[in-house]
Structure formats: C-alpha cells, structure tokens
Amino acid sequence: SLLNCRPFKRTASSNLALSAKHCYNIKVTSNIKNIEIENEKLKQLYSAKSDIVSISSHQIRTSLSALKWIIKMFLDGDLGKLTIEQENLMKKAYESNDRALNTVSELLIMNKSENILEKKYVFSKINILELIESTIFDLSGEAHNKKVEIIFLKPEIKIYEVNVDKEKMRIALQNLLDNAIKYSNTDSKVFVTLKKTNDMLQVSVKDTGIIISEESKNKIFKKFYRAPEAENKEMIGSGIGLFTTKKIIEGNGGKIWFESLENDGTTFFFTIPILKNK
Ligand code: ADP
C-alpha cells in the first residue's frame, strides 16, 4: 500500500529521473574527456605529419635545385658543346625538373597555410606599409624570374598602424602577390596600392594576367578550388592560398573581394581596421 501511495510514487520516479540524469552527466563528462584525449592525439599526429611533409619537401627541393644548376651548366655549354640531341634532352630534363620544383614548392606553401590556420591569432601593433614593402622584397626574385615588375603606389596618408597578427598577415599578402605574379603574363606589371577608406585601410593587388571567369567567381575562395583557366595553363597550384587568405583577413577584422575584367586583369582588395589612438 505504501508503494501504491501517490507521493511515494512521485518521489520514487523523480529519484529515478535524477539518478538517470546523474548517470547521463557522468557518461557525457567521460565522453568529453575521451574526445579531448583523442583530439590531443590527433593534434600530435597532425603536427608530426606537417613536420614530415616540411622536412622531406625541403630536402627534395634542395636536391632538385642542385640538379637544376647542374643541368643549366650543361645547357650553357660550361662543360663543353652539346650535340643537338644532347641539348634537346637536357632542355627536357630542365623543364621536368622545374615542374617537380614547383610542385614541391606548392606542397610547402600548402603545408605552411594549413599550419598557420591552426595557430591562435597573436595581435600586435604593426606598420602595414613596412609589412607590404618587406613582402614585396621577399617576392622580388620570383617576380624577376618572370620579368614582372611590382610597383607599390604608396599613399599620401600617414596612418599605417594596424592591430593584426603579423605572421598571418604576411602569409595573406604573400599569397596575393604570389598569385598576381603567377597568373600574370611575362613582361608585365603588378600594382600594389594602400589607401584609407573610412575606418579601414584598403590594400589592393592588381595584375593584368588571366582573368577569373563568371562561373568561377563564386568558388574562388573555396578550399582546393582552382579555376579551369588556371589549370588549363598548366600553372602549378593547390587551391589553398585564397582560402587561407580569406580566413586570415576575416580573422583580422577585415574583408576580401576581387574584380576580374577582360582586357584589364584581376585585382584583389582587402581591408583591415585602422588602429585608433586611445
Ligand atoms: P592556387 O593559385 O594555388 O591554385 P589559390 O587559392 O591561391 O590557389 O587560388 C585559387 C584560384 O583562383 C587559382 O587556381 C586561380 O584559378 C584563381 N586566381 C587566384 N589569383 C588569381 C589572379 N591573380 N588572377 C587570376 N586568377 C587567380
């Protein structure tokens, strides 16, 4: 009769519910712990994978670079005159080696891009003008090889200070400049501008090379996307640069977009908030 008593039933069922809830909480807590442990293991594996890719790519690149200069010595006739047949074969070897070098370089960029997004943002006060200048300097060799001149149209304004993650911003700028050189025609110019728009600084990178077709326009920032016009030209790439760049710019409080017009070329723009004096 006690068991059938209503208040007892209610207490018993709520006790049951409470202990079920308690069990459930313990289970969820232990599941979360397991996920955290697995996550930690995955992070370690991921970092080990990145290190392996980076170390082996660097080693392969060093060997390929050495090979490149040896083949070049043969082609330049430093080791004696070659027969036509020898020269043709050496030219083929040189081109093939160059393609392998580009692929390895892309692999390194891809690995670096993935790693950079894994890292937390570390904001600091920097001078954006100096960062642009030093990034242009870093890419001057690449530009020179393709006979592309990078022209930095410096602004009249005196506000260059921004609060950004410098290492990530450098990667974003490198990606845009690297693309502008890569997708440019030889013997052309790339223009970089910096200007103030409201509370933002706006940077643009313009080239006169291949354009981005209408079909590709809304996919260009997607991970691994490469427009057919770039792939058809056999330009080496991974489709990760713009994906990374967009994440970096947005992570720094800015926006990124582009314009691509026939007979004019492609311009990428991005903004970043100006550091306000307190
Ligand atoms: P990747 O250059 O390695 O292919 P990105 O993510 O940097 O990868 O760029 C994605 C795609 O966007 C490129 O494959 C290319 O089709 C297009 N693209 C990027 N920058 C330019 C540019 N400056 N001019 C023309 N097309 C570009």
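Could you give the radius of gyration (one decimal) and Dmax (whole number) of the Cα atoms in the stretch 203-252, in Å?
Rg and Dmax of the stretch 203-252, Cα atoms, are 11.5, 34 Å.
Which of these, ILE211, ILE256, ILE26, has the largest mean-square fluctuation under a Gaussian network model of the chain (Cα springs below 10 Å)?
Per the Cα network of the chain with a 10 Å cutoff, ILE26 tops the list.
Once both labels are modelled 7 Å past Cα along the beta-carbon direction, what's the LYS146-GLU231 spacing in nm?
2.0
Which of ASN25, ASN115, ASN39 moves the most in a Gaussian network model of the chain with Cα springs under 10 Å?
With Cα springs under 10 Å in the chain, the top fluctuation among ASN25, ASN115, ASN39 is at ASN25.
How do TRP69, TRP257 rank by accessible surface area computed with a 1.4 Å probe, from largest to smallest?
Numbers: TRP69 145, TRP257 95 Å².
So the residues, ranked largest to smallest area, are TRP69, TRP257.
Mean separation of Cα pairs under 8 Å and 6+ residues apart, divided by the residue count of the stretch 147-224: what relative contact order is that in percent?
35
Does the stretch 110-150 classify as rounded, prolate or oblate by the C-alpha gyration tensor (a ≥ b ≥ c root eigenvalues; a/c under 1.5 gives rounded; else a/b over b/c gives prolate, otherwise oblate)?
oblate
How much length, in nm to one decimal, is gained on full extension between PHE137 and LEU117, taken as 0.36 nm per residue of separation minus their Cα-Cα distance?
4.8 nm
Give me the percent of the accessible area of the chain that comes from carbon and sulfur atoms, probe 1.4 Å, all protein chains in place. Working shown, then result.
Numbers: 10140 of 17830 Å².
Answer for the chain is 57 percent, counting heavy atoms of protein chains only.
Working with all protein chains in place, sort LYS233, LYS189 by solvent-accessible area computed with a 1.4 Å probe, largest first.
LYS233, LYS189
Convex hull volume of the Cα atoms in the stretch 225-278, per residue, in Å³?
Value for the stretch 225-278: 95 Å³ per residue.
Between ILE150 and residues 5 or more places away or on another chain, which pairs have amide H atoms under 5 Å apart, with H built 1.01 Å from N, and which residues are they?
Hits under the 5 Å cutoff: VAL190.
Place a +1 charge on the Cβ of each Lys and Arg in the chain and a -1 charge on the Cβ of each Asp and Glu, then give the dipole magnitude about the Cα centre in debye, rounded to the nearest 20.
1900
Taking only the alpha-carbon atoms of the stretch 58-132, what semi-axes of the equivalent ellipsoid follow from 5 times the gyration tensor eigenvalues under a square root, in whole Å, largest first? Mind showing how you got there, number by number?
On the way: eigenvalues 320, 44, 17 Å².
Ellipsoid half-lengths, sorted descending, are 40, 15, 9 Å.
As a test question: what accessible area, to the nearest 10 Å², does ILE52 have when a 1.4 Å probe is rolled over all protein chains in place?
The accessible area of ILE52 comes to roughly 110 Å².
Mind listing P(r) for the chain? All alpha-carbon pairs, 5 Å bins, whole percents.
1, 5, 9, 12, 13, 12, 11, 8, 6, 5, 4, 3, 3, 2, 2, 2, 1, 1, 0, 0, 0, 0, 0
In deg cm²/dmol and to the nearest 500, what is the mean residue ellipticity at 222 nm of the chain if only DSSP H runs of at least 4 residues count, each as -39500 (n - 2.57), divided by the residue total?
On the way: 8 runs with 159 residues, N = 278.
Taken over the chain, the calculation gives -19500 deg cm²/dmol.
Which of the three applies to the stretch 26-176, rounded, prolate or oblate, going by the alpha-carbon gyration tensor with a ≥ b ≥ c and a/c under 1.5 meaning rounded? Show your work: numbers first, answer last.
Working: a/c = 4.54, a/b = 1.41, b/c = 3.22.
Since a/c reaches 1.5 but b/c is at least a/b, the shape of the stretch 26-176 is classed as oblate.
Could you give the Stokes-Einstein D for the stretch 126-244 in µm² per second, using the C-alpha Kirkwood radius, 10 °C, 1.306 mPa s?
Answer, rounded: 104 µm²/s.
With a 1.4 Å probe and all protein chains in place, put MET90, MET169, MET73 in order of accessible area, largest first. Don't skip to the end; give the middle numbers.
On the way: MET90 50, MET169 0, MET73 85 Å².
So, going from the largest accessible area down, we get MET73, MET90, MET169.
Taking amide hydrogens as modeled 1.01 Å from N in the peptide plane, which residues meet the under 5 Å criterion relative to LYS196, leaving out close sequence neighbours?
The list, which skips near neighbours in sequence, is GLN202.
Which far-off residues, 5 or more places away or on another chain, put their amide H under 5 Å from the one on ASP165, with H placed in the peptide plane?
SER124
Using the C-alpha atoms of the stretch 184-278, what convex hull volume per residue, in cubic angstrom, is computed?
Values: hull volume 10.5 nm³, N = 95.
Dividing the Cα hull volume of the stretch 184-278 by its residues yields 110 Å³.
The values are calculated or read from the model by the stated rules, or taken from the named source; none is laboratory data. From a predicted model like this one, the values you see are computed outputs, not experimental measurements. For neighbour counting, all protein chains shown are included, and Cβ atoms are generated from backbone atoms with ideal geometry for every residue, glycine included. These accessible areas exclude ligands, DNA and RNA; they are computed on the full protein's heavy atoms, side chains included. Shrake-Rupley method; radii C 1.70, N 1.55, O 1.52, S 1.80 Å.
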